[in-house]
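Okay, so here's the structure we're looking at.
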Amino acid sequence: NLAFSLLAHVMAEKVAGMDYQRWVSENILQPLGMEDTGFEITSQIESRMAIGVYSSGRPAPLYDLGWYRPSGQMYSTPADMAKLVMMLLGAYYRPVLQPNTLKTMLTPLFRCESSYFADQTGTPWEVNEQLGYNVIRKDGDLDGYSASISLIPRLKLGLVILMAGTKPEDEDLVAKVYSSLIPAMESAFRGAPRVLIPPPDSVPYMGYFTYGNITFYEIKADADGVLSLEQFGPQVDTMVPMKYRSLKLSYLQDRVFRVVFEKEYPCQLKVNAASVSLESQDGQLFNFYIINKKGLSPGFDVPGLNTYKVTRIPRKPIFS
């Protein structure tokens with residue numbers, strides 16, 4: 001804590017040319033609209049605060065950390081902290097930090113020994129794995145109060161716990177909440193309808209294509225103009241069930257589409273390596289070639305699958 005306080009004061013005064021509290025207010029709190037967050041606990045602020053209590057139930061006094069304020073003396077509300085969490089997840093309409101800066105902040109830097117309470121550490125987060133996700137968190141305590149802020153960047157999920165009292169010694173509240181939230185989020189994502197966008201004109205992309213006369217594909221459009229791709233011919237992977245052989249191509253921008261499976265596939269298919277193939281295809285980009293004088297795209301590439309020069313053929317081939 002001493003190191004963080006020293007660093008905060010030195011950087012604010014020597015680099016930014018102002019005191020730490022002013023810098024935080026002008027560069028973080030005000031841009032994010034965190035109107036109920038600050039350092040100075042006035043009588044008006046104190047009248048709105050929950051009363052801190054020790055584990056014995058005795059009320060805890062408020063006191064000023066003075067020079068050590070960067071180590072932990074701030075008051076806030078769950079609503080204000082939610083704005084900070086959304087900003088850190090890149091999901092708030094008032095960005096404060098550049099995307100690359102956020103990525104650096106949320107990337108674990110060091111793997112910890114098994115005796116340490118976190119699996120990894122970052123700047124300045126502790127990182128633990130839960131149900132396959134990195135949970136990035138920071139906890140803090142003052143007499144009579146405790147707080148925790150945590151993020152799961154992959155799910156765009158955050159959790160803030162502000163307590164008037166001490167944290168339970170025999171239970172990790174953050175882990176307990178995420179044990180319910182993570183499965184619920186995964187279920188919601190799987191059940192959400194997939195939005196498919198048709199291109200302005202489907203005709204240039206429709207037709208038959210081949211990769212080196214080895215594999216063959218048909219691209220057609222449905223009544224809404226959304227493109228679908230289906231492989232046919234002797235090289236079709238029979239391990240992949242029929243309902244997973246049709247891919248939808250959702251339009252992104254000029255001649256670029258994203259692969260979307262027509263049906264959601266299970267996490268693991270009992271078809272040997274086919275599940276790996278399916279997961280690697282989902283979300284990949286199709287880049288169609290420039291439209292020719294006939295108004296047709298002569299082929300496409302799928303860089304993410306290391307597939308190039310899939311070319312148009314004039315008609316559906318007949319196999320003997």
Members of region 99-116 found to be surrounded by 10 or more Cβ atoms within 10 Å (Cβ to Cβ) and either without any contact (Cβ under 8 Å) to a residue 12 or more places away in the chain or over 19 Å from residue 185 (Cβ atoms) (or both), listed by number: 101, 102, 103, 104, 105, 107, 108, 109, 110, 111, 112, 116
Kindly check whether there is at least one residue in region 178-191 that is in contact (Cβ under 8 Å) with a residue 12 or more places away in the chain, touching a Ser or Thr at 6+ places or on another chain (Cβ under 9 Å), surrounded by 11 or more Cβ atoms within 10 Å (Cβ to Cβ) and not in a strand (DSSP E or B). yes
Filter region 8-59 for residues that are of a type in the set (S, T, N, Q), surrounded by 11 or more Cβ atoms within 10 Å (Cβ to Cβ) and assigned to a loop (DSSP other than H, G, I, E, B) and give the result. 37, 55
Only one of (1) modelled with pLDDT of 90 or more; (2) in contact with a helix residue (DSSP H, G or I) (Cβ under 6 Å, 6 or more places away or on another chain) fails for residue 92. Which number is that? (1)
Step by step: first the residues of region 213-235, then only those that are part of a loop (DSSP other than H, G, I, E, B) and in contact (Cβ under 8 Å) with a residue 12 or more places away in the chain, then the one that is surrounded by the most Cβ atoms within 10 Å (Cβ to Cβ). Which residue is that? 226
Can residue 23 be described as touching a helix residue (DSSP H, G or I) at 6+ places or on another chain (Cβ under 9 Å) and not assigned by TED's automatic domain parsing to the domain that holds residue 173? yes
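Yes/no matrix, rows are residues, columns are (1) of a type in the set (Ser, Thr, Tyr); (2) closer than 29 Å to residue 65 by Cβ:
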residue	(1), (2)
98	no, no
101	yes, yes
106	no, yes
109	no, yes
114	yes, no
123	yes, yes
132	no, no
144	no, yes
150	yes, yes
Quick one: would you say residue 107 is on the phi < 0 side of the Ramachandran plot and assigned to a loop (DSSP other than H, G, I, E, B)? yes
So in region 117-147, with the set limited to residues that are among the hydroxyl-bearing types (Ser, Thr, Tyr) and part of a strand (DSSP E or B), which one is surrounded by the most Cβ atoms within 10 Å (Cβ to Cβ)? 145
Screening 161, 219, 214, 152 for residues that are among the aliphatic types (A, V, I, L, M), over 30 Å from residue 86 (Cβ atoms) and at pLDDT 90 or above leaves only 219
The one condition in (1) among the β-branched types (Val, Ile, Thr); (2) in contact (Cβ under 8 Å) with a residue 60 or more places away in the chain; (3) not assigned by TED's automatic domain parsing to the domain that holds residue 76 that residue 160 fails to fulfil: (3)
Scan 71, 114, 55 and give me the residue that is closer than 24 Å to residue 171 by Cα, in contact with a Ser or Thr (Cβ under 6 Å, 6 or more places away or on another chain) and among the small types (Gly, Ala, Ser). 55
Please name all residue pairs, on different chains or six or more residues apart, with Cβ atoms under 8 Å, provided the first residue is in region 13-39 and is under 13 Å from residue 75 (Cβ atoms) and the second residue is among the basic types (Lys, Arg) and in a helix (DSSP H, G or I). 21/69; 34/83; 39/69
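The values are calculated or read from the model by the stated rules, or taken from the named source; none is laboratory data. Quick caveat, the model's predicted, so the values are computed rather than measured. Here the Cβ is made from the backbone with ideal geometry for all residues, glycine too, and neighbour counts use every protein chain on show.
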